[in-house]
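Asker: Questions regarding the structure given below will be posed in turn.
The values are calculated or read from the model by the stated rules, or taken from the named source; none is laboratory data. Predicted model only: the values in this text are computed from it and were never measured. A quick note on method: Cβ atoms are made from the backbone with ideal geometry, for glycine too, and the neighbour counts reach across all protein chains shown.
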Amino acid sequence: MKTAWTPILILLAIFAYAITSPQNYTEVGFLFFYPLYTDFTIQSLYTTGTWLWVYSLTWLMQYMANKKFNDTAYKYLTGSSLYAYVSHYLFIIVIANTIIRPY
């Protein structure tokens with residue numbers, strides 16, 4: 001990050017993001033299907049971009065955010081994320097067992 005290649009790599013990342021993100025409003029398919037577009041080229045770019053950014057962000061967060069940087073912040077962040085997971089899962093199970101499965 002301290003070399004002369006950094007600006008070039010940043011521009012290439014922005015260019016890759018621009019190509020692989022959905023920016024058009026034509027040839028849009030059905031909303032609940034993935035990939036969202038009907039044109040094969042746009043589908044390929046969108047799907048490739050999705051996998052590219054998920055993979056990149058996963059490794060970036062593993063490298064940058066997988067360390068305990070502050071004891072208090074770590075306690076609150078992990079506690080709140082655990083509460084979010086437990087509370088959402090509880091409501092998913094309640095709705096699935098009381099509404100979706102019977103009907």
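Asker: Report every pair of residues separated by at least 6 positions or lying on different chains whose Cβ atoms are under 9 Å apart, first residue within segment 5-22 and farther than 17 Å from residue 41 by Cα, second modelled with pLDDT of 85 or more and assigned to a helix (DSSP H, G or I).
Answerer: Final answer for the pair search is 13/56.
Asker: Follow-up question, since we're still on this one. Quick one: in segment 55-93, which of the residues that are among the charged types (D, E, K, R) and not in a helix (DSSP H, G or I) is surrounded by the most Cβ atoms within 10 Å (Cβ to Cβ)? Don't jump to the end; show me each part of the working.
Answerer: Here is the first cut: in segment 55-93, the ones among the charged types (D, E, K, R) are 67-68, 71, 75.
Retained after the next criterion (residues that are not in a helix (DSSP H, G or I)): 67-68.
Values: 67: 7, 68: 9.
Filtering segment 55-93 for residues that are among the charged types (D, E, K, R) and not in a helix (DSSP H, G or I), the one surrounded by the most Cβ atoms within 10 Å (Cβ to Cβ) comes out as 68.
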